[in-house]
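Heads up: the structure comes next, in structure tokens.
The values are calculated or read from the model by the stated rules, or taken from the named source; none is laboratory data. Predicted model, so just to flag it, every value in this text is computed and none were measured. Cβ sites come from the backbone with ideal geometry, for glycine too, and all protein chains shown count toward neighbours.
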Amino acid sequence: MIHDPISAARDTLERVWGHADFRGLQASVVAEVLAGRDVLAVLPTGGGKSVCYQIPALIRPGLGLVISPLIALMTDQVEALKQQGVRAARLDSGLSLDERSGVLRAARSGDLDLLYVSPEGLQSGALLDRLADLPLALIAIDEAHCVSQWGHDFRPDYRTLGRLGQLFPGVPRIAVTATADARTRDDILASLHLDGAAVFVDSFARPNLQLSAVRKESASRAKTDAHVIELVRARKGQSGVVYCGSRDGCERVADALKSAGTNAIAYHAGMAGPERDRRLERFLAEDGAVMVATIAFGMGVDKADVRFVIHADPPGSLEAYWQEIGRAGRDGEPADGITLYGPSDIAWTLRRLEGRPMDEAVKAVQTRKARQLFAMLDGATCRAQAVRRYFGETDADVCGVCDICQDPPALHDATVAAQKALAAVQRLGGRYGRGRIVDHLTGKTKDAQPWETGLSTWGIGKDIAPTGWRDVLDHLMFEGLLVEDPNEGKPLVMLGDPERIRAVYRGETRVEVRRTPPGFDASSRSGNPRTRTRNDRNAAVEALDADVRARFEALRAWRRDRAAE
Ligand code: ADP
Ligand code: MG
Ligand code: ZN
């Protein structure tokens, strides 16, 4: 009888996990791994990355070795697997010597299907020696963005995983992550030596998420706290996560929410491990629990009915934003992602990056990522579309439900400014960073050489203040018209997507900024900025899955009732 491998995989999915069928790119990923090939899979949070390596590990002969960055994550997954009758174990620093040898014995005698280890655990030569002559079904690297300094959660220990290919030749390796832009993907492939791996990138669309960003009215913490409390109280009884930028802030907001009658639970890395575990268990078990947490919380947490994620302080990049917001609505039902942000936040983010002991080139990239996030938050592009474009989905449509789609802000036409900036970057040959480009545009370069003052772009931007130009450049980078590439630590600005640049030059694509950049002259405002966005929005609303729309309506009605109570 001919038995195709993917139907065997489907049987396993049904038998062990009780899921009727694969979804998204799962089947393709599983098929590659079953065929013994290397894979990098970028699938959304909650997309079901785990089964992509668990199932092939069960089907292929030998032990599946899984590398996972957090003990809590490993414990969760191993416990869940055991309950499903899968022979899984973990090796981490929490085990006694006896337990360790027990696990290794089981691995050696073929009594294990999946073995979870931390990257530090793998450093020990002893473990590698013991694994060396075992037949391995595959090696899975979970949360693979941790390998890249360009990612948002770099773990130095992950760097050493590049050796695995040499140590275990012929064993297929599968790296999975929810968030990796093109550069991070390349870095993962290079760092892990996954030459020739099949790369799968699923759509980042999450149509059930209603995204919004709200500018903080002031830098006052008390006002921000009050705003967060108001947002949470309007969602009484719902389970949610509030992200704070600091441990202090986390404790403060949790206390304030508790006083306001919410079942709030603080969670941050300053707490002892067992205490954090208890708090996580409460969050998973109790109705209407609100986790008030730093970024220490969340990786791999699988709670389906989180109805909102609120950022009391914004995250550091669009990757982090999407991963954190993505913890809402994993059940596919409508959920909110609300981000509060203000000018003091970007300053704080950049200052903090500045103070970090890291490679200058990495710092430059992190800085750019932070700027891009803020450009999105303060921008006028559909939130979901902006994020998906950032991840390389050039054809992403507007979502129809975010704050921008629902109520498009007035926009200011910056097309002419954009043309000037693009021309300047082109004339300067991509040799300079943003500061020098702004100086060039405003004709203020110190000791400018004749070759520069002779360029047609010299001083063509005197009508706009330097801060206004920086806004325009940020915006152009966000739109991909310009790209910033670190070069020996000094980020150089270069021309981006040539197609779109041509369209801007020809005036076919307008460039619009939401805020009037300082120094922008009122006459540069566009006549009727709303019209186009409204039409886009209507089209998107039409296109929205009727099902999702109905659920949004139901949720809104439910909220109105709650509010009226
Ligand atoms: P992530 O991609 O974020 O690591 P997980 O692997 O934790 O996601 O899976 C999230 C949830 O989705 C789990 O509860 C898992 O059992 C479930 N899941 C995975 N694949 C499927 C599927 N094909 N059909 C239905 N549910 C699935
Ligand atoms: Mg996962
Ligand atoms: Zn939208």
Check your understanding: Within segment 119-151, how many residues are within 16 Å of ligand 2 (Cβ to nearest atom) and surrounded by fewer than 22 Cβ atoms within 10 Å (Cβ to Cβ)?
Key -> 1
Practice item. State which residue is surrounded by the most Cβ atoms within 10 Å (Cβ to Cβ) when the search covers only segment 57-83 and only residues that are away from ligand 2 (no atom under 16 Å from the Cβ) and either under 24 Å from LEU284 (Cα atoms) or of a type in the set (Gly, Ala, Ser) (or both). Key: GLY62
Exercise for review: Taking ALA175 as meeting all but one of (1) over 27 Å from ALA264 (Cβ atoms); (2) modelled with pLDDT under 95, write down the number of the exception.
Suggested key: (2)
Exercise for review: Spot the failing condition for ALA370; the list is (1) within 16 Å of ligand 3 (Cβ to nearest atom); (2) closer than 20 Å to TRP150 by Cβ; (3) buried (at least 21 other Cβ atoms within 10 Å of the Cβ), and only one is missed.
Suggested key: (1)
Practice item. Could you pull out the residue among ARG37, ARG87, ARG23 that is away from ligand 1 (no atom under 14 Å from the Cβ) and under 27 Å from the mean Cα position of the chain (by Cα)? Key: ARG37
Practice item. Mind checking which helices (runs of 4 or more DSSP H) fall wholly inside segment 376-434 and carry at least 3 residues that are surrounded by fewer than 20 Cβ atoms within 10 Å (Cβ to Cβ), within 18 Å of the chain's Cα centre (by Cα) and within 12 Å of ligand 3 (Cβ to nearest atom)? Key: none
Check your understanding: Residues in segment 115-157 that are more than 16 Å from ligand 1 (Cβ to nearest atom), hydroxyl-bearing (Ser, Thr, Tyr) and either modelled with pLDDT of 85 or more or closer than 17 Å to ASP38 by Cα (or both): how many?
Key -> 2
Practice item. Considering each of ARG173, ARG185, ARG163 in turn, give the residue that is buried (at least 23 other Cβ atoms within 10 Å of the Cβ) and more than 20 Å from the chain's Cα centre (by Cα). Key: ARG173
Practice item. Check segment 342-365 and report whether any residue there is within 16 Å of ligand 1 (Cβ to nearest atom) and basic (Lys, Arg). Key: no
Check your understanding: Are there any pairs, at least 6 apart or on different chains, whose C-beta atoms fall under 6 Å, with the first in segment 280-306 and within 16 Å of ligand 2 (Cβ to nearest atom) and the second part of a helix (DSSP H, G or I) and among the hydrophobic types (A, V, I, L, M, F, W, C), and if so, which?
Key -> GLY300/LEU73; LYS303/LEU284
Exercise for review: Specify the residue that is nearest to ligand 1 (Cβ to nearest atom); the eligible residues are those in segment 396-423 that are farther than 18 Å from MET477 by Cα and charged (D, E, K, R).
Suggested key: ASP397
**Study point:** Residues satisfying the stated conditions in segment 60-93, i.e. over 14 Å from TRP17 (Cα atoms) and part of a helix (DSSP H, G or I)
**Key:** ILE71, ALA72, LEU73, MET74, THR75, ASP76
Practice item. Among the numbered conditions (1) in a loop (DSSP other than H, G, I, E, B); (2) farther than 20 Å from ALA137 by Cα, tell me where LEU112 comes up short. Key: (2)
Check your understanding: If TYR116 passes every condition in (1) farther than 18 Å from VAL42 by Cα; (2) within 16 Å of ligand 2 (Cβ to nearest atom); (3) surrounded by fewer than 21 Cβ atoms within 10 Å (Cβ to Cβ); (4) not small (Gly, Ala, Ser) but one, which one does it miss?
Key -> (3)
Check your understanding: When the residues of segment 17-38 are filtered to those that are modelled with pLDDT of 95 or more and under 20 Å from LEU73 (Cβ atoms), which remaining residue is surrounded by the most Cβ atoms within 10 Å (Cβ to Cβ)?
Key -> VAL29
